[in-house]
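Here the structure is laid out as structure tokens; the discussion comes afterwards.
The values are calculated or read from the model by the stated rules, or taken from the named source; none is laboratory data. Quantities reported herein were computed from a predicted structural model and do not represent experimental measurements. All Cβ positions, even for glycine, are placed from backbone atoms using ideal geometry, and neighbour counts span all protein chains on display. Accessible surface is based on the protein model in full, side chains and every heavy atom, while ligands, DNA and RNA are left aside. Shrake-Rupley method; radii C 1.70, N 1.55, O 1.52, S 1.80 Å.
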Amino acid sequence: MAKAYHQLEIEEIESLLSTNIKSGLTTVEVEKRLLENGQNQLDESKGKSLLLKFVDQIKDFMILVLIGASILSFVTGDTAEGFLIIGIVILNALLGLFQEAKAEKALASIKAMSSPQAKVKRDGVDIVIDVKNLVVGDIVILDAGDYVPADVRIIESINLKVDESTLTGEALTVEKVSDPLIEQDIPLGDRLNLGYMGTVVTYGRGVALVLAVGMQTELGKIASMLIETKDETTPLQKSMSQLGKLLAIIALGITFLIFVISIAEAYIVNGSADILVWKEALLTSIALAVAAIPEGLPAIITIVLALGMQNLVKKQAIIRTLPAVETLGSTSIICSDKTGTLTQNLMTVQKVFMHDGFVQIDEKTDPNENLSKIGVFGTLCNDTKIQKVNDKYIKIGDPTEIAFTDLSIAIGQNPIETIKKYPRLYELPFDSIRKLMTTIHDFEDGRYAIIKGAPDVIFTRSTSIHGNQAYNIEEFEQANQTMANNALRVLAVAYKKIDSKIDLKKLTTLELENDLTLLGLVGMMDPARPEVKDSIALCDKAGIKTIMITGDHINTAVAIAKELNILKSGDIAVTGHDLDLMSDEEFKTKFEQIRVYARVSPENKVRIVDVWRDSGHVVAMTGDGVNDAPSIKKADIGIAMGITGTEVAKGAADMILTDDNFSTIVNAVSEGRTIFSNIKKAIHFLLSCNIGEIITIFLGTTIGILIFSTRVTTLTAVQILWVNLVTDSLMAIALGLDPKEKDIMSEQPRDSKKSIFADGLGKKIAWQGLMLGLIAFCAYMIGWFMTSDASLKMITAQTLTFIVLAISQLIHAFNVRSQKHSAFGLARNKYIIYAFFVSLFLQVMVVTLPFTRNIFKIIMPSFEQWIIIIGLVLLPLLIVEITKRIKKHKA
């Protein structure tokens, strides 16, 4: 098997790429390679035109049904409704256009990360060139602050440190080396002699040889994955498509059936049907078909989702696409990054070990003399820049060094005063060979060298232990192993007294960093967020699995996962390398047991998301780096971190957390469940009301002639439209704003494959619609038979039907607020109260004002008739309450 670049000697790579590490490539060779391989830039996906994007928005079946309904409205002469429906369609299409720029924005952010210029050696001369003109074989010079302009092999490293967190997810900077590595299959973050396009040099300097450019780089591979990733339809979009098809079938069926019955009645009664009968039958059937379609539903869903978005902003979550709000509620798997999401993204000292044992560091820690000394020494042997602004410390530096500064503050010291009191006289900076950092300071009792670094190195150089006359290094070695086993990063602190008369510049490293007195061991880690454990427990209760995916080492990941109860008995933790070795078949048999993935690549993350989605789950994926962008975009809900997240991750995401907190995701899922539940309530309400209208007219058309011995019309077209558009819509919007039910997170996640009418909703809509229709038809019969004047029978019956149908639907809205709980025991919804009284006022005004009575062709009911109306409109509430009570009693 051929060796990988990180395994090869520098001379071997030099020969393989036909370059010269001393003089670089020639200009002629550069031009040749640019022609052969292209420029060092990322490809872009070809964008759609604005027109095509708009057409995509109206291809949804529900929207096509609405367009059909608008055409029918224009045919029947109802231009107002026709224009209203077209307005709804255009509004939804315009809102949808904002969702199309996700991939383009993500790619643009990746391109912006590439360094615009690079320092290279060509023709034996150091020059600065545009990064797009970089080719394989170029020799690149790297300094602190530079972006790495391509994928490179380090050929010279002088304390070179690179921040690779955007690619690997690991917060700590990586110290680069030039030596070849032995193993072939090494995770991205452990290839210490390679650098990657888009990462940042934070310290030191180096020279590197370009191995890959443009789309062949690791960043390019991520860009290609973003191009290839397709947007998927959300559960709500699928449900609305199903609903649209169902309503279209119902509307066509009603149109045909009512038309046939009307013509048949004309032949039965009159023996023939003239052109006027045919026209009336056609217009009546079309009007009823339009009434069968809840025209306001798409607008109501849009309003509910938009208000849900605003609500989530107050809870630290920004939703970028409307359908994503609802999809949150279907989430059954949350794949979460560790650093900053499950943890605090802040290296914190957890334990200190000294000659007298372990000290647990927390708010209650009582600093003794030895711990105070570690606080002072850790602050002094430290390059953290620190200042105090408005009584708050501002710290800039390496996370592990900041942890020492935070320890000093935690035990009541002022690190700024400490640095002023004991200024640095001399230093030996940290390097990867010595694995130590040394600083020299004058104290009250003399001059001391403070040494901080790797415990195993300091152990070999120590000859005494502070505060302990007996030299027992085994205790410290055992303590070091204990802390390492608990996933703590351990540094040792030691010191050495030196003669103040010695010229510091003449001191050698050997003299300064040997014969040390070991002071203590400091164990630190990025601790779990305190609120996350309860959130994960809530997820377990809600049937949502939490999967940890991290670029960190597996020991650290496992320790945090166990603390948060993500990793339980029988669960598995694997590395990205382990995953690479698994076949798809093996992975499919194991993935449900794997709860922790460590040292993963971008391809690994996409594979993890895919396997869960293929098994029917709705997957939320969190991340903050460039390496997370493909899996964020691939997931049903992509979630980016607002504080630490790159623009690439944010551009690919559906949701951005402004506080980078896992608990915010759980709150958002709860909000998403509430929103979908409220959308279901609106659908339940609108469809049951529409069925009620259909039943009312259908009964009049079919059996009216048998009951009343003449052809009757239970409702006129204008009455149907008033009830269907004006009365229903306000109540439906109010239902969409219903507060969260208390047991919303006790339910299992909704199966995205299930119809929106599953779990008995379809049956409820059907029987409750039938109930409303029968009650309204009863009102018609009462109005007909209680009126003695034959000329007033029809108008009186229609008046009672119109009022009863409208107000009973308003009352029915309170029924659908909960499928299980009584309408009288639910949390208060002020919006439904307002909507009820506004709608009731409008309905009463239509009946009481003379000019509106003329428009709607109704009369003013008598006192007795009002009593009958009140009794009938309260029946839906009474009937549904009884059925809920019976069902609860049976359960």
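What do you reckon, how do GLU31, GLU741, GLU9, GLU265 stack up by accessible area (1.4 Å probe), largest on top?
GLU31, GLU9, GLU741, GLU265
Taking N as the number of residues in region 546-681, what value does Rg over Cα atoms divided by 2.2 N^0.38 Å take? All intermediate terms of the calculation are to be shown ahead of the outcome.
Values: Rg = 15.1 Å, N = 136, 2.2 N^0.38 = 14.2 Å.
Expressed relative to 2.2 N^0.38 Å, the Cα Rg reads 1.06.
Subtract the Cα-Cα distance of ILE473 and SER23 from 0.36 nm times their separation in residues, and report this length gain in nm to one decimal. Don't skip to the end; give the middle numbers.
Working: separation 450, 0.36 × 450 = 162.00 nm, distance 5.09 nm.
Contour length minus the Cα-Cα distance gives 156.9 nm.
Quick check: Cα centre of region 709-765 to Cα centre of region 491-524, how many Å?
77
Strictly over 22 Å apart at the Cα level, which of LYS680/LYS740; LYS364/LYS420; LYS605/LYS740 would you flag in this model?
On the way: LYS680/LYS740 13 Å; LYS364/LYS420 27 Å; LYS605/LYS740 33 Å.
Beyond 22 Å: LYS364/LYS420; LYS605/LYS740.
Please determine, in degrees from 0 to 90 and to the nearest 10, the orientation of helix 532-541 with respect to the longest principal axis defined by the Cα atoms of the chain, where the helix direction is its Cα long axis.
40
At q = 0.15, 0.17, 0.21, 0.25 Å⁻¹, what log₁₀ I(q)/I(0) does a Debye calculation on the Cα points of region 798-891 give, no solvent, two decimals?
Cα-only, vacuum Debye calculation for region 798-891: -0.67, -0.80, -1.04, -1.27.
What percent of all Cα-Cα pairs in region 329-472 falls in each 10 Å bin, counting up from 0?
In order of increasing distance, the bins hold 9, 34, 35, 13, 5, 2, 0 percent.
Among LYS830/LYS888; LYS590/LYS650; LYS764/LYS888, which pairs are too far apart, with a Cα-Cα distance over 20 Å?
LYS830/LYS888; LYS590/LYS650
Determine, at each q value in 0.13, 0.16, 0.19, 0.23 (inverse angstroms), the log₁₀ of I(q)/I(0) that the Debye formula gives when each Cα of region 618-675 is one equal point scatterer.
Those come out to -0.27, -0.41, -0.57, -0.80, one per q.
Heavy atoms of the protein only, probe of 1.4 Å, neighbouring chains included. What is the accessible area of HIS6 in Å², nearest 10?
10
Once both axes come from the Cα atoms, what is the angle between helix 297-314 and the longest principal axis of the chain, in degrees from 0 to 90, rounded to 10?
Its long axis makes an angle of about 30 degrees.
Note the angle between two axes, namely the Cα long axis of helix 863-890 and the longest principal axis of the Cα atoms of the chain, as a number of degrees from 0 to 90, rounded to the nearest 10.
40
Would you rank THR463, THR550 by solvent-accessible area, highest first, keeping every protein chain in place and using a 1.4 Å probe? Each step should come with its number before you reach the end.
Details: THR463 80, THR550 0 Å².
Reading off the accessible areas and sorting them downward yields THR463, THR550.
Taking the chain, how much of its Cα-Cα pair set, in percent, is spaced more than 45 angstrom apart? If you can, show how the numbers build up before the last one.
Numbers: 181765 of 396495 pairs.
In whole percent, the long-distance tail amounts to 46.
Just to confirm, what accessible area per residue do you get for the chain at 1.4 Å probe, in whole Å²? Mind dumping the intermediate values first?
Numbers: 38530 Å² over 891 residues.
Here the residues of the chain average 43 Å² of exposed surface.
ILE549's amide H: which non-local residues (gap 5+, or another chain) put their own amide H closer than 5 Å, with H modeled 1.01 Å from N in plane and none for Pro or chain starts?
Close amide H contacts, sequence-distant or interchain: SER336, ASP337, LYS338, TYR597.
If you project the alpha carbons of region 494-613 onto their three principal axes, what span does each projection cover, largest first, in Å?
Cα extents, longest axis first: 71, 34, 22 Å.
Note down the Stokes-Einstein diffusion coefficient of region 474-520 in µm²/s, whole number, using a Kirkwood radius over alpha carbon pairs, 37 °C, and 0.692 mPa s. Intermediate results must be reported in sequence, preceding the final value.
Working: Rh = 12.9 Å.
Here the translational diffusion coefficient equals 254 µm²/s.
Roughly what % antiparallel, to the nearest 5, for the DSSP beta bridges in the chain?
75
Given q = 0.13, 0.15, 0.19 Å⁻¹, what are the Debye log10 I(q)/I(0) values for region 421-503, with equal point scatterers placed on the Cα positions and solvent ignored?
-0.49, -0.64, -0.95
Any idea how far the Cα center of region 546-589 sits from the one of region 307-331, in Å?
29
Please work out the Cα center distance from region 452-490 to region 821-891, rounded to the nearest Å.
78
What does the charge count near VAL574 come to, summing +1 for each Lys or Arg and -1 for each Asp or Glu among other residues with Cβ under 11 Å from its Cβ? Write down the numbers at each step before the final one.
Values: positive: LYS590, ARG595, ARG599; negative: ASP571, ASP578, ASP580.
So the surrounding residues net to 0.
Can you give me the % of accessible surface on region 711-870 that is carbon or sulfur? Probe 1.4 Å, all protein chains present, nothing else counted. Present the calculation step by step, with values, prior to reporting the outcome.
On the way: 4920 of 7090 Å².
Solvent-exposed carbon and sulfur of region 711-870 make up 69 percent of the total.
Which far-off residues, 5 or more places away or on another chain, put their amide H under 5 Å from the one on THR348, with H placed in the peptide plane?
Excluding prolines and chain starts, which carry no amide H, the hits are MET525, ASP526.
Largest first, what is the accessible-area ranking of LYS764, LYS590, LYS742, LYS22 with a 1.4 Å probe? Intermediate values should be presented prior to the final figure.
Details: LYS764 35, LYS590 75, LYS742 190, LYS22 170 Å².
Ranked from most to least accessible, the order is LYS742, LYS22, LYS590, LYS764.
Once phi is turned into θ = phi - 60°, what whole-Hz ³J(HN,Hα) does the Karplus curve with 6.51, -1.76 and 1.60 give for every residue of region 152-159, x standing for Gly and Pro?
9, 9, 6, 10, 7, 10, 10, 6
Can you give me the long-range amide H partners of PHE443? Hydrogens built in the peptide plane at 1.01 Å from N, cutoff under 5 Å, separation of 5 or more residues or another chain.
Long-range HN contacts for PHE443: TYR448.
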